[in-house]
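To start, the structure under review is shown below, and the notes come after it.
The values are calculated or read from the model by the stated rules, or taken from the named source; none is laboratory data. None of these values were measured; they are calculated from a predicted model. Neighbour counts run over all protein chains shown; Cβ positions are idealised from the backbone, glycine included.
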Amino acid sequence: MTDDVGRFRRAYPQIWFACHVRHRGRGEAGLTDREASILSHLAVADAASLAVLARHLGLAPSTLSEALKRLESSGWIRVAPDHGDRRRRGVTVTEQGRRALNGASGLDGGRVAALLDRLGAAERKRALDGLDALAVAARNLRSAADPAEDD
């Protein structure tokens with residue numbers, strides 16, 4: 001198992017740095033790095049509370065609230081009262097928000113395509129199937145974790 005962890009730790013940064021683009025103010029979508037980070041967390045956070053999200057991101061709740069107002073006014077998220085608990089707000093990433101997030105990815109689409117093009121068809125399928133399996137395992141791991149411990 002330890003060898004597998006080592007292999008993962010060696011491989012992941014190589015893939016990331018080969019495809020990563022330099023951080024820059026507001027990207028094409030108009031998102032700052034912070035806004036893109038918040039939006040990406042909202043896109044995968046299965047109903048995590050905003051307080052937990054603020055703690056996880058190292059933000060004051062008021063800072064997160066201001067960022068959410070901008071994301072909402074830009075049409076990237078929809079904020080509505082939680083039907084089960086009116087004191088809470090539910091946040092949904094809109095289709096426009098998903099497109100903006102895709103455009104604000106830290107991974108350059110051209111570099112990812114070039115990386116994938118270096119693989120034969122069977123190897124490419126195995127690699128993408130492996131990434132899909134890791135993504136499913138990651139979602140399962142997150143859903144099994146206590147959100148309060150997810151800081």
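For region 97-110, a residue qualifies if it is farther than 17 Å from A43 by Cα and either surrounded by 14 or more Cβ atoms within 10 Å (Cβ to Cβ) or at pLDDT 90 or above (or both), and exactly one does: D108.
One residue alone among L131, L115, L119 is among the hydrophobic types (A, V, I, L, M, F, W, C), in a helix (DSSP H, G or I) and free of Cβ contacts under 8 Å to residues at least 40 places away in the same chain, and that residue is L131.
Screening L53, L115 for residues that are in contact with a Leu (Cβ under 7 Å, 6 or more places away or on another chain) and either surrounded by 12 or more Cβ atoms within 10 Å (Cβ to Cβ) or not hydrophobic (A, V, I, L, M, F, W, C) (or both) leaves exactly one candidate, L53.
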